[in-house]
Amino acid sequence: MSAAAADQQNGTRSPVDWGIAVTTAQKLIKPGPSVPMEEAERSVAQLRGATDAAETHVRELTGLGLDLPLHPGDVVDRRRWVEAAAEGLAALTDGALPAGQNRPMGGVLAGSAGVQAGMVLAFLGGRVLGQYDPFGGDPQGGRLLLVAPNIMAAQRALDVPAEDFQMWVCLHECTHRLQFTAVPWLRGYFAGEVSRFLSGLDETATGAFTRLPEIIKQIRRRADDSESGSPGPVGLMEILQTPQQREVFDRLIALSTLLEGHADHVMDAVGPSVVPSVATIRARFTQRRRGGGVLDRLLRSLLGVDAKVKQYAAGAAFTRYVVDEVGMTGFNRVWESPETVPLRSEIADPAAWVRRVHGR
């Protein structure tokens, strides 16, 4: 069921008109590289087959979900990814934000927000290689999506073996799926933290006006201290937050950094026996993450994509340190409960997490 249909059935109006978001994105998004039908069908079949093998490797390395059933991923084009992403975002966020119908001109605002969301989805839809969405598709198992045209375009741009690159991408997304399916509390905890964060946005916006002189001073101070001359999207968001909301934000940043970094670590740690060209892929892919033209880099910065790239590196460094110190079994203490998830400060100081959780 689409997000718009769910809203109609429940008699509610979303703060974002996801139907408009999908329509906008699908008008703006390009179809992807042109390839012969035979090659496209072969690539799709390979991707479908790679997910089972990838998740088996991830389970063996991490020890997570060894007794869970294996499920194939969904191979989609860019337009279908937009639909699935909108559905998952609606399921995650709509209950946490004030409904558009409760405010003056609510429908107009929801439509405007839908256009903006659609523009973001169009930008990301041309770049996302894969995605595990714990809130879309199967209520128990979520949905694993592989965006075939983007994977093919990236593989060609990197000039690396197609099967190696497909497996490498699948290792990352299957790690995300295992994080949520093998850790029973994670899905509800993540959704709850997002809900708490979003429900405070009105308070943040109102408080920003009363604290405007202080906020301007902080922005100038951070800009003077920053190499880029700007506090960046994450820094600006923190400046605008209340102390209570910043606590929730710190927990979300720490958790998402852990999830992304753990997946990045696993996709490389599985090793050359599974992905023979893994070292070449990682080197070229890391360089590609930093690349792009001026407009592309600006959009990435505005959307927080550059901040997310830093999350990968920080989370992978945390994972690597902890695994080296206490082994994978010791690292897996992070999945015991919300209390054993690293604090944001511990991501940058993994030895502090080891001392807190392992008593070392």
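The values are calculated or read from the model by the stated rules, or taken from the named source; none is laboratory data. Note that the structure is predicted; figures quoted are calculated from it, not measured. Positions of Cβ are backbone-derived with ideal geometry, glycine not excepted, and every protein chain shown enters the neighbour counts. We work out accessible area using only protein heavy atoms, side chains counted, and drop any ligands, DNA or RNA first. Shrake-Rupley method; radii C 1.70, N 1.55, O 1.52, S 1.80 Å.
So here's what we get for this one:
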| read-out | value |
| --- | --- |
| Listed residues H57, W81, A45: farthest to the positive end of the dipole of the stretch 25-93 (Cβ charges) | W81 |
| Heavy atoms of M328: accessible area, 1.4 Å probe, square angstrom to 10 | 30 |
| Ranked order, E55, E41 - accessible area, probe 1.4 Å, largest first | E41, E55 |
| Burial order of peptide ranges 183-189, 251-257, 149-155 (average beta-carbon count within 10 Å, highest first) | 149-155, 251-257, 183-189 |
| Unit charges on C-beta of K, R, D, E only; dipole of the stretch 22-62, Debye | 280 |
